[in-house]
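Following: one structure in structure tokens, then a few remarks.
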Amino acid sequence: GEQVEQRPPHLSVREGDSAIIICTYTDSATAYFSWYKQEAGAGLQLLMSVLSNVDRKEEQGLTVLLNKKDKRLSLNLTAAHPGDSAVYFCAVSPSSGSWQLIFGSGTQLTVMP
Amino acid sequence: EAAVTQSPRNKVAVTGGKVTLSCNQTNNHNNMYWYRQDTGHGLRLIHYSYGAGSTEKGDIPDGYKASRPSQENFSLILELATPSQTSVYFCASGDQGQNTEVFFGKGTRLTVV
């Protein structure tokens, strides 16, 4: 079945710097890709999602890149601020049937003032 | 705003006891999910449901049962709780098909002693 690896597990950046989180997946038929943010003590909040026919999507300081050849998904926070400090998860879904999300193991992002 | 409510938010249970985690959604979504979150594993799918009366096994169903008595409610049942089931559990709801957002509850922290 699909395997998703996420790195780095921990990331610390200064305010205003960019932060990049990467996920790799194994199933070339993966059709749906998303990024979630989890703040302390809270559930997961969807940041952005793309289908497999999209290579790049930008919204509100976030950029999602999808490289289907390398089976790599990335999230770039272009100018991080302390409010971005949280755990970030990638989640993918295969093209077949059951609409299940398969999550990466998460990245703890800390943005220092 | 889409809402997924979990109860209880915190629970301490004894080994061998029965635990029921409840989830209610007001989104009128067909699909509901139970995940557990453990450090280093991200979120792993335990059970899910396509609608009232349906339950399906996810990736790690052993030791868990699920019940979907209505569109709004989806319960996770631990008949004989074990310390290895100590975790944070998240319920989620979403519509059929891809490119639709999945909404998460705030989580239930379960400790089995």
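The values are calculated or read from the model by the stated rules, or taken from the named source; none is laboratory data. Fair warning: this is a prediction, and the values are worked out from it, not measured in the lab. Quick reminder, even Gly has a Cβ in these numbers, built from the backbone with ideal geometry, and neighbours come from all protein chains shown.
Points to keep in mind about this one:
- Residue match in segment A:25-48 (condition: of a type in the set (D, E) and exposed (fewer than 15 other Cβ atoms within 10 Å of the Cβ)): yes
- Residues of segment A:77-112 classified as in a strand (DSSP E or B) and within 14 Å of chain B (Cβ to nearest Cβ), total: 13
- Those strands (runs of 3 or more DSSP E) of chain B in which 3 or more residues are more than 9 Å from chain A (Cβ to nearest Cβ) and among the hydroxyl-bearing types (S, T, Y) occupy B:87-94.
Conditions tested, residue by residue: (1) within 14 Å of chain B (Cβ to nearest Cβ); (2) acidic (D, E); (3) out of contact with any strand residue (DSSP E or B) (no Cβ under 9 Å at 6 or more places or on another chain); (4) within 19 Å of B:R44 (Cβ to Cβ).
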position	(1), (2), (3), (4)
A:P8	yes, no, no, no
A:S12	no, no, no, no
A:A19	no, no, no, no
A:T26	no, no, no, yes
A:A29	yes, no, no, no
A:L46	yes, no, no, yes
A:L51	yes, no, no, no
A:T63	no, no, no, no
A:L75	no, no, no, no
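- Counting only residues that are part of a loop (DSSP other than H, G, I, E, B), out of contact with any Phe, Trp or Tyr (no Cβ under 9 Å at 6 or more places or on another chain) and touching a residue at least 40 places away in the same chain (Cβ under 8 Å), segment A:60-76 holds 2 of them.
- Candidate set from segment B:64-113 (those that are modelled with pLDDT of 95 or more and basic (K, R)); member that is nearest to B:A52 (Cα to Cα): B:R68
- Residue satisfying condition, being in contact (Cβ under 8 Å) with a residue 60 or more places away in the chain and of a type in the set (S, T, Y), within set B:T26, B:T86, B:T82: B:T82
- Subset of segment B:43-66 that is free of Cβ contacts under 8 Å to residues at least 24 places away in the same chain and surrounded by 21 or more Cβ atoms within 10 Å (Cβ to Cβ) - its residue that is nearest to A:F103 (Cα to Cα): B:L45
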